[in-house]
1. Inside the stretch 125-161, can you point out the residues that are under 15 Å from residue 59 (Cα atoms) and in contact with a Phe, Trp or Tyr (Cβ under 8 Å, 6 or more places away or on another chain)?
2. Return only the number of the condition from (1) closer than 15 Å to residue 144 by Cα; (2) modelled with pLDDT under 85 that residue 48 does not satisfy.
3. Conditions first: (1) at negative phi; (2) in contact (Cβ under 8 Å) with a residue 40 or more places away in the chain. Residue 112 passes all but one, so which condition is the exception?
4. Which condition breaks for residue 70 when tested against (1) hydrophobic (A, V, I, L, M, F, W, C); (2) more than 16 Å from the chain's Cα centre (by Cα); (3) surrounded by fewer than 20 Cβ atoms within 10 Å (Cβ to Cβ)?
5. Report yes if residue 155 is in contact with an Asp or Glu (Cβ under 9 Å, 6 or more places away or on another chain), more than 24 Å from residue 45 (Cβ to Cβ) and in a loop (DSSP other than H, G, I, E, B), otherwise no.
6. With (1) surrounded by fewer than 15 Cβ atoms within 10 Å (Cβ to Cβ); (2) free of Cβ contacts under 8 Å to residues at least 40 places away in the same chain as the list, and residue 176 as the residue in question, which single condition is left unmet?
7. Report whether or not residue 136 is in the same structural domain as residue 64 (by TED's automatic domain parsing), of a type in the set (D, E, K, R), surrounded by fewer than 12 Cβ atoms within 10 Å (Cβ to Cβ) and over 16 Å from residue 98 (Cβ atoms).
Amino acid sequence: MAVRYRRRDDGRAPSRIHDAVRVESLYVGALACVAAFLIAFTFIHENKTDAALRRHAGLTVRVLAAKWHWSFFYPSGATALGTDVTPPTLYVPADTSITFELSSIDVIHALWIPLTKFKRAAYPRVTQTFTLSFHRTGFYRDAGECAEFCGLLHSAMRFNLAVMTPARFAAWEAGARP
């Protein structure tokens, strides 16, 4: 600043054109518009995320992450257990709100289902709750995986996804009970 506004050799006062109030006001206004846009964008997308975190009436599936497999437990007593070698299949009815209760028994994992563009961390001794819906029926091989490095067999920690009609799901659940 001392160099920029120093007194000139001919004795004239320093130029104040760089301190124009209008230019500064426009600059502040532009920054305020950018900040307002970012805040509005954040709130709009946070509402979508918050909707996934609310409980909805429907099916509740307990998801347990462990080195290096997934296990799914249904309220009826049906289970889908995975091993280090064989990935389990997550069975869900189509067009139904499914509340997931996610936890880990050993280290931090992350349930990632690219089909739904959804990822949630699984922490030991903490239960994360979120709600998802699946709309297209079908069987999806390796539809989900662990997205948090959890050890040597992390890359094999995957699961399949079977989205069925509600009637077909009810038949599967009745046959899968112990």
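The values are calculated or read from the model by the stated rules, or taken from the named source; none is laboratory data. Remember, it's a predicted structure, so these values are computed and weren't measured experimentally. Backbone-built Cβ (ideal geometry, glycine too); neighbour counts: all protein chains shown.
1. Of everything in the stretch 125-161, those that are under 15 Å from residue 59 (Cα atoms) and in contact with a Phe, Trp or Tyr (Cβ under 8 Å, 6 or more places away or on another chain) turn out to be 129, 130, 131, 132.
2. Among (1) closer than 15 Å to residue 144 by Cα; (2) modelled with pLDDT under 85, residue 48 violates only (1).
3. (2)
4. The single condition residue 70 does not satisfy is (3).
5. Here the answer is no, as residue 155 does not meet what is asked.
6. Condition not satisfied by residue 176: (2).
7. When the stated conditions are applied, residue 136 does not pass them.
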